[in-house]
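Data first, discussion second: the structure below is written as structure tokens.
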Amino acid sequence: MNITVKKAGEAEKNEMESKPIWECEVSEFDWHYDSEERCLLIDGEVTVSYDGGSVSFGSGDYVVFPKGLSCVWKVSKPVKKHYIFG
């Protein structure tokens, strides 16, 4: 089970610009994905650790979390992101 991280292109930016925004201060927490999440980071830095390893991402990254993933989020700089589930 892998997390996909890439720099957002125009298609991803257009897809996400009207989606809700989620914000989080510096913190660390467990998370489980009951459905796929796609998000575009506006601000912040995060490292997500999971069974397959860990990934880091930040401002301008487009990230896809697969359904069924259990992980630990470590937010090192306050996060602001557009997101969509499903």
- Task: Scan (1) over 11 Å from Lys74 (Cα atoms); (2) out of contact with any Gly (no Cβ under 9 Å at 6 or more places or on another chain); (3) surrounded by 17 or more Cβ atoms within 10 Å (Cβ to Cβ) for the single condition Ile3 breaks and write down its number.
- Result: (2)
- Message: Cβ-Cβ under 8 Å, sequence separation 6+ or interchain: first residue in the stretch 18-44 and over 15 Å from Ser56 (Cα atoms) and among the acidic types (Asp, Glu), partner exposed (fewer than 13 other Cβ atoms within 10 Å of the Cβ) and modelled with pLDDT under 95. Which pairs?
- Response: Glu36/Gly86
- Of all residues in the stretch 30-55, which are exposed (fewer than 13 other Cβ atoms within 10 Å of the Cβ) and within 11 Å of the chain's Cα centre (by Cα)? none
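The values are calculated or read from the model by the stated rules, or taken from the named source; none is laboratory data. Keep in mind it's a predicted model, so treat the numbers as computed, not measured. Note: ideal-geometry Cβ built from the backbone for every residue, glycine included; neighbour counts use all protein chains shown.
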